[in-house]
Amino acid sequence: APDKIRLIYNRVSPEIFYPLPEPKDAKFTALVVGRLIPEKNQRTLIEAIKDLDCRLIVSGQGPERENLERLASDLGLRERVEFVGKIDNREMVKLYNRAHLYVTANQYGGMEIPVIEAMACGLPIVRSKHPLEKKPELLGYEGCLYVDNKPEEFSRAIKKLMTDHQLREDLSKKSLAIFQSIRGDKMERQEKELYLNLI
């Protein structure tokens, strides 16, 4: 029965991921974090910034890295797409805080850990629609910009956030507020309660 279902998200600690006081990068910057594989679809995000005056940080490792670097070069974006390999959590918080927003064109759907980490750092979220998802999981329509998984749709959403400071502020506050409801210690408590109920 639906009332028996408990959704417990991956634990992200507010002691590790949080907004830092340091200023953002000087140039407007979008960030995506994840394994570099076709299904994570970083290609769409690289194509999305082609005609925008912004940068994209692609953080992660995987077999697609060479192809993605080639795509950035072919589009004349090597100066504006920064590839960052695997780094530890203490450095990751700095990376999140350099960016003005978090983007994901993931084709799997669902709530990725990096999205939760980005929310903990107060980043506005732009994420792709998934055919099996009626509305964005956890964030809802009000908590993010929810777009068709196409470069031009991401481009439009990024441009909107570049030019609309108030929207950026609103989505940043919503990210932080939603994160508070699923922060790591709360998820740990729910997990404990679930196990105790099953015993």
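The values are calculated or read from the model by the stated rules, or taken from the named source; none is laboratory data. All figures in this text were calculated on a predicted structure; none of them were measured in a lab. Heads up, the Cβs are rebuilt from the backbone with ideal geometry, glycines too, and the neighbour counts pull from every protein chain shown. Remember, those area values only see protein heavy atoms, side chains included, never the ligands or the DNA or RNA. Shrake-Rupley method; radii C 1.70, N 1.55, O 1.52, S 1.80 Å.
Looking across the range 123-161, the residues that are open to solvent by 10 Å² or more (accessible area, probe 1.4 Å), assigned to a loop (DSSP other than H, G, I, E, B) and touching a residue at least 40 places away in the same chain (Cβ under 8 Å) come down to LEU138, ASN149, LYS150. Of the numbered criteria (1) of a type in the set (Ser, Thr, Tyr); (2) at pLDDT 95 or above; (3) surrounded by fewer than 18 Cβ atoms within 10 Å (Cβ to Cβ), the one TYR108 fails is (2).
Would you point out which residue out of LEU52, LEU68 is under 21 Å from ASN149 (Cα atoms), out of contact with any Gly (no Cβ under 6 Å at 6 or more places or on another chain) and part of a loop (DSSP other than H, G, I, E, B)?
On the way: LEU68 fails: part of a loop (DSSP other than H, G, I, E, B).
It is LEU52.
Checking each residue in the range 80-93 for being under 16 Å from the mean Cα position of the chain (by Cα), in a helix (DSSP H, G or I) and farther than 11 Å from ALA118 by Cα picks out only ASN89.
It is to be established whether one or more residues within the range 58-76 are open to solvent by 20 Å² or more (accessible area, probe 1.4 Å) and on the phi > 0 side of the Ramachandran plot. Scanning the range 58-76 turns up at least one residue that is open to solvent by 20 Å² or more (accessible area, probe 1.4 Å) and on the phi > 0 side of the Ramachandran plot.
Output yes when any residue across the range 26-36 is modelled with pLDDT of 95 or more and part of a helix (DSSP H, G or I), and no when none is. No, the range 26-36 contains no residue that is modelled with pLDDT of 95 or more and part of a helix (DSSP H, G or I).
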